[in-house]
Amino acid sequence: MSKLETNTIDTISGSTTLTLGGTNANAITIPSGVTLTNNGTQAGLTLSDNILFNTASKGIYLGVTSATASNLLDDYEEGTFTPAFTGTTGAPSGVTYFTRNGRYIKIGRQVSVSMWLDLQSWSSGPTGTAIIAGLPFAAANVSEGYHAFHIGYTSGFSSTNAPQTGFIQANTTTILLYKNSTSDARDNLASDVQASSMTGIEAIIISGTYFTG
């Protein structure tokens, strides 16, 4: 059997090569999943199009032979987002950026992001703790801990207000920026970066990984 266009198959065995669908075929529905077995010579499934699941709760299970939830790959995304400098108690106005880029990859619940923000000017600055807002997904609402971010570059901040790290709080889409508590580089990274001390010419390159709910 080389081609099957309209028949329904309940069982197939042996060494026959089965091609499902012809040149004008529509999608093929397999109601109970696909099990791949290595017969000692060749095993696998070759597809020329995407795999689509009919409900959001279905996906691909990795490394197991049964439906174990922690092994379910139920989402993969790549995209862009628009981050912004702001403050915990007040946002800036009249803001202009030279550069304002954000990219993300989401695999299951894990989100990896990278951002580059380069301010040109603003009419009035933010207040409170300096934050970066606009992450593509909210962090998981957990109490065990926050997710830290890595800062690779900054410019335009004063010597006493330059951020050195940041973290995203539970159930938010914002990164709080922090610096050393004193001028001693060995001191705790536990002091807020003051939004009111920013002048509107700051730049930052920052990246990190966190988990959604």
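Of the residues contained in the stretch 116-127, one or more are found to be part of a strand (DSSP E or B) and either among the acidic types (Asp, Glu) or assigned by TED's automatic domain parsing to the domain that holds Val34 (or both). Out of all the residues in the stretch 145-152, is one or more in a loop (DSSP other than H, G, I, E, B) and either buried (at least 17 other Cβ atoms within 10 Å of the Cβ) or without any contact (Cβ under 8 Å) to a residue 60 or more places away in the chain (or both)? There is at least one residue in the stretch 145-152 that is in a loop (DSSP other than H, G, I, E, B) and either buried (at least 17 other Cβ atoms within 10 Å of the Cβ) or without any contact (Cβ under 8 Å) to a residue 60 or more places away in the chain (or both).
So for the stretch 171-179 (the condition being loosely packed, with under 14 Cβ neighbours inside 10 Å and not charged (D, E, K, R)), does at least one residue qualify? Within the stretch 171-179, one or more residues are loosely packed, with under 14 Cβ neighbours inside 10 Å and not charged (D, E, K, R). Using the structure shown, decide if Gly145 is over 16 Å from Ser197 (Cα atoms) and at pLDDT 95 or above. Criteria not met by Gly145. Only one entry of Gly94, Gly63, Gly108, Gly87 meets the criterion of being without any contact (Cβ under 8 Å) to a residue 40 or more places away in the chain and surrounded by 14 or more Cβ atoms within 10 Å (Cβ to Cβ), and that entry is Gly108.
Conditions (1) farther than 19 Å from Arg103 by Cβ; (2) in the same structural domain as Pro92 (by TED's automatic domain parsing); (3) free of Cβ contacts under 8 Å to residues at least 24 places away in the same chain; (4) not small (Gly, Ala, Ser), marked per residue:
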{"site": "Gly134", "(1), (2), (3), (4)": "no, yes, no, no"}
{"site": "Ala140", "(1), (2), (3), (4)": "yes, yes, no, no"}
{"site": "Ser155", "(1), (2), (3), (4)": "yes, yes, no, no"}
{"site": "Thr165", "(1), (2), (3), (4)": "yes, yes, no, yes"}
{"site": "Ile168", "(1), (2), (3), (4)": "no, yes, no, yes"}
{"site": "Asn171", "(1), (2), (3), (4)": "yes, yes, no, yes"}
{"site": "Arg186", "(1), (2), (3), (4)": "yes, yes, yes, yes"}
{"site": "Asp192", "(1), (2), (3), (4)": "yes, yes, no, yes"}
{"site": "Ile204", "(1), (2), (3), (4)": "no, yes, no, yes"}
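The values are calculated or read from the model by the stated rules, or taken from the named source; none is laboratory data. Everything numeric here is computed off the predicted structure, so don't read it as measured data. Positions of Cβ are generated from backbone atoms using ideal geometry, with glycine treated the same way; all protein chains shown enter the neighbour counts.
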